[in-house]
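Asks: Mind looking over this structure? Questions follow.
The values are calculated or read from the model by the stated rules, or taken from the named source; none is laboratory data. This is a predicted model, so every value here is computed, not measured. Neighbour counts are summed over all protein chains in view; Cβ atoms, including those assigned to glycine, are modelled from backbone coordinates with ideal geometry.
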Amino acid sequence: MTGETRTLAAFAAELQLEQVPNSIRGIAIDLLVDQLGIQIGCAHLPWAQAVRETYKQARGAEEATVVRYGDKLPVTSAAFINSTFGHSFEFDDANPLIHGHIGAELIPPLLALSERDHLSGKEFLTALITGYEVRGRIGWSVSPTMLERGGPQYSTTCGPFGVAAAVGKLLNHGADGIHNALAVAGTFSGGLMQYDQGGGSVKRIFTAVAAIGGLQAALMARAGITGPEGILEGKRGLLRIYPENYNPERLTSDLGEMWTLQHVLFKPYCCCAIIHPAIDALKKILTERRVTPAEIAAIEVGYPKGSHHHAAITDPKDILGMQFSTAYSLALTVHKGKNTPREYSLEALADPAIKATAAKVSLVNEVGLDKLFEDHMPARIKLRTKGGALYDELVIDATGSPLKRLTSAEIDDKFRSMASDILGRERTEGIISTLRGIASVPDMASLSALLVR
């Protein structure tokens, strides 16, 4: 195990957009559409506004735009705020192979830099794909054991490396410069996952921590700060320190042939992605068996190892806790029939009927699902009625997952649902059209101007 970090850096430096298959470019554009729609639609949330106000007070050079509101701030401030917007309601992308929320890690710092430096859409898209693949290989190499052991969290741990590589690409660092940016990024790598036990709005800034950590690492590398050799594979590097088991060969095998972007998951439900197959399974039972809320006696959810702890909050105290609670998410499915941003509210959290149904939900580790955990997020629902009927439904790949991914048209509709009421229909359609043709945009500053109401 030697030289993997340098191999990744060389790949990042050399990758050209023409080498990327059209299908992968299409997924990257889907990622961009999905992420920017969420930034626009979720920017008003209280924790997002708290971050915005904090960074606005610091002020600084007017380099990059805050989405929706139009504040002009330094690149680092705009990236942090926009990343928080994009991850502020558990509605952004995930990836069952590499874990974390890569869209909100990468897109805000790359967009901020591209606006400041008047870079082209082609340069932006190339850097986005590059950063995703570097980030993907690192996340894959520590999966699934890092999640199974309870962290550290993937975005805050692996995310700074992907951002450092992408920013280094955008700033033309070259292979040695990107390698050094990766080495410096190790300083920003970490992050505890206690939020999936105790809630707290700090989870909303986890992708922003990755965004600003990787951005600063690349900027420091350009300024001459140097990092250690072997930051990923070394004796005290990421692979040896954080996971119980690791797979170093995944860092470099089949680079340019196997793309981790193929495994992206786009969310139709506004909660932890691990809960999505349970929602699908429950919806199928409720619809096909015509079970009413009053008839439900118990719901048992079988998860693979790791999942049953990651989404197991039974008595959430806030909305974040609710979004990491299988019990409350399924109770929303039962009573509201939906799991969109509108259903996750303090009113729903206090609703006696939802609480009563949530109390009927129990979680178990179904050992037979463990082998399916990598690149899948399976769940089994066993619903027992008060009349004694037992309904059993297994979902291995939920709606939105890699094998059932939302189409580009569905992602465009999701963007409309997030942006139309804020920006208006005409502006929204214009943004979608621009994003779909991003590789032909001559100056990314023109896009940033469209994203302001």
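Asks: So LEU125 fits all but one of (1) assigned to a loop (DSSP other than H, G, I, E, B); (2) aliphatic (A, V, I, L, M); (3) surrounded by fewer than 24 Cβ atoms within 10 Å (Cβ to Cβ); what number is the exception?
Replies: LEU125 satisfies all of (1) assigned to a loop (DSSP other than H, G, I, E, B); (2) aliphatic (A, V, I, L, M); (3) surrounded by fewer than 24 Cβ atoms within 10 Å (Cβ to Cβ) except (1).
Asks: Let me ask something additional. Could you grab me the full set of residues in the stretch 421-453 that are among the β-branched types (Val, Ile, Thr), touching a residue at least 60 places away in the same chain (Cβ under 8 Å) and closer than 23 Å to SER120 by Cβ?
Replies: ILE431, ILE432, ILE438, VAL441, VAL452
Asks: Continuing with the same structure: Taking the criterion of being modelled with pLDDT of 95 or more, closer than 15 Å to GLN216 by Cα and among the polar types (S, T, N, Q), would at least one residue in the stretch 85-96 satisfy it?
Replies: Looking for residues that are modelled with pLDDT of 95 or more, closer than 15 Å to GLN216 by Cα and among the polar types (S, T, N, Q), one finds none in the stretch 85-96, hence no.
Asks: For the stretch 397-420: of the residues being of a type in the set (S, T, N, Q) and without any contact (Cβ under 8 Å) to a residue 60 or more places away in the chain, which is nearest to ALA94 (Cα to Cα)?
Replies: Looking at the filtered set, the residue picked out is THR407.
Asks: Any residue at all in the stretch 220-228 that is buried (at least 18 other Cβ atoms within 10 Å of the Cβ), of a type in the set (Val, Ile, Thr) and either within 19 Å of the chain's Cα centre (by Cα) or not assigned by TED's automatic domain parsing to the domain that holds VAL395 (or both)?
Replies: no
Asks: Additional query: If GLY424 meets every condition in (1) exposed (fewer than 13 other Cβ atoms within 10 Å of the Cβ); (2) in the same structural domain as SER120 (by TED's automatic domain parsing); (3) on the phi < 0 side of the Ramachandran plot apart from one, which number is that one?
Replies: Condition (3) is where GLY424 drops out.
Asks: Quick one: SER143 ticks every box in (1) modelled with pLDDT of 95 or more; (2) buried (at least 23 other Cβ atoms within 10 Å of the Cβ) bar one, so which box is it?
Replies: (1)
Asks: Can you pull out every residue in the stretch 342-379 that is more than 21 Å from LEU97 (Cβ to Cβ), buried (at least 20 other Cβ atoms within 10 Å of the Cβ) and in contact with a strand residue (DSSP E or B) (Cβ under 6 Å, 6 or more places away or on another chain)?
Replies: VAL361, LEU363, listed by residue number.
Asks: If you scan the stretch 152-174, which residues turn out to be in contact with a helix residue (DSSP H, G or I) (Cβ under 8 Å, 6 or more places away or on another chain) and more than 16 Å from ARG137 (Cβ to Cβ)?
Replies: Passing the criteria: PRO152, GLN153, THR156, VAL167, LEU170, LEU171, HIS173, GLY174.
Asks: OK, next. So which helices (runs of 4 or more DSSP H) stay within the stretch 150-265 end to end and still have 1 or more residues that are without any contact (Cβ under 8 Å) to a residue 12 or more places away in the chain and either among the hydrophobic types (A, V, I, L, M, F, W, C) or farther than 27 Å from ILE81 by Cβ (or both)?
Replies: Hits in the stretch 150-265: 206-223, 238-241.
Asks: Just a yes or no: is a residue in the stretch 11-22 farther than 30 Å from LEU406 by Cβ, assigned by TED's automatic domain parsing to the domain that holds SER88 and touching a Phe, Trp or Tyr at 6+ places or on another chain (Cβ under 8 Å)?
Replies: No, the stretch 11-22 contains no residue that is farther than 30 Å from LEU406 by Cβ, assigned by TED's automatic domain parsing to the domain that holds SER88 and touching a Phe, Trp or Tyr at 6+ places or on another chain (Cβ under 8 Å).
Asks: Within the stretch 333-346, can you find the residues that are farther than 23 Å from PHE85 by Cβ and of a type outside the set (Ser, Thr, Tyr)?
Replies: VAL334, HIS335, LYS336, GLY337
Asks: Determine whether GLU115 is in contact with a Ser or Thr (Cβ under 6 Å, 6 or more places away or on another chain) and either without any contact (Cβ under 8 Å) to a residue 60 or more places away in the chain or of a type in the set (D, E, K, R) (or both).
Replies: Answer is yes for this residue.
Asks: ALA281 - would you say it is surrounded by fewer than 22 Cβ atoms within 10 Å (Cβ to Cβ), among the small types (Gly, Ala, Ser) and either outside any helix (DSSP H, G or I) or touching a residue at least 40 places away in the same chain (Cβ under 8 Å) (or both)? Full working, then the answer.
Replies: Working: surrounded by fewer than 22 Cβ atoms within 10 Å (Cβ to Cβ): no; among the small types (Gly, Ala, Ser): yes; either outside any helix (DSSP H, G or I) or touching a residue at least 40 places away in the same chain (Cβ under 8 Å) (or both): yes.
The answer is no for ALA281.
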